Amino acid sequence: SIRRQRQMCIRDSTNSAYNSTSTPLLLARIFWIAGTFSRDLNRETRHLVLSRISEAIASPELQPPVYGGIFQALSSLIRYSESESVEQISQNLMMFLCAMLANASEETLHLMLETISALIEKCPSAVQSADHIIPIIMRSWIDNFNDPLIGEDAFDLLKRISMTQGGSAAMTKFAVPTMQSILEAPSA
């Protein structure tokens, strides 16, 4: 069937293309294709691609334009993967995403916020390091609150975090002082 052929092609491409000689663009295209068909992939193929992507985003060789395909694929794969597969990579993935979020370009910031939101939706325990995550996301919201896309995504992500176990206390710890400082000096 066509579905089976797609799975075989993506699995073979992911296994063979993910090595030291692969170009970042090739990987991004493979990941984008996998994300596009993530709903149709079987469990093993989704898990393979998900783990390869989480390894790839930690690579310093990737250029910012390549991240677009990777983050779109990652969001889709997280949404359609089984919770156990996401749980296995959630802590490391969250750590990398937040480290990257602190220095994200305008082209990738929206996609990164969307990916973090998908990760927290699928695996709320990924917020275990909320003390580390919230200040970075707060900074993204503060810096972009006038942007209708990024500002809204950052705010929605903060709301999602506040609804997780441990996220509420961390939000109170970081968000309340931030709001207080904005209210005390709104023109600053």
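The values are calculated or read from the model by the stated rules, or taken from the named source; none is laboratory data. Treat the numbers as computed from the prediction; the structure is a model and nothing was measured. Heads up, the Cβs are rebuilt from the backbone with ideal geometry, glycines too, and the neighbour counts pull from every protein chain shown. With ligands, DNA and RNA removed, areas are computed over all heavy atoms of the protein, side chains included. Shrake-Rupley method; radii C 1.70, N 1.55, O 1.52, S 1.80 Å.
Could you check how many residues of region 70-86 are of a type outside the set (D, E, K, R) and open to solvent by 60 Å² or more (accessible area, probe 1.4 Å)? Please lay out each step first, then the result.
Step one: of region 70-86, the residues of a type outside the set (D, E, K, R) are 70-78, 80-81, 83, 85-86.
Filter once more, keeping what is open to solvent by 60 Å² or more (accessible area, probe 1.4 Å): 72, 80.
Counting residues in region 70-86 that are of a type outside the set (D, E, K, R) and open to solvent by 60 Å² or more (accessible area, probe 1.4 Å) gives 2.
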Find all pairs meeting these conditions: Cβ atoms under 9 angstrom apart; at least six residues apart or on different chains; first residue within region 71-90 and modelled with pLDDT under 85; second residue surrounded by fewer than 24 Cβ atoms within 10 Å (Cβ to Cβ) and among the aromatic types (Phe, Trp, Tyr).
Gln72/Trp32
Only one of Ala118, Ala169 is loosely packed, with under 15 Cβ neighbours inside 10 Å and either touching a residue at least 40 places away in the same chain (Cβ under 8 Å) or farther than 19 Å from Leu74 by Cβ (or both), namely Ala169
Among the residues of region 48-69, are any open to solvent by 30 Å² or more (accessible area, probe 1.4 Å), of a type in the set (Asp, Glu), modelled with pLDDT of 75 or more and farther than 19 Å from Leu119 by Cβ?
no
If you go through Ile133, Ile89, Ile116, the only one that is assigned to a helix (DSSP H, G or I), within 24 Å of His47 (Cα to Cα) and touching a Cys at 6+ places or on another chain (Cβ under 8 Å) is Ile116
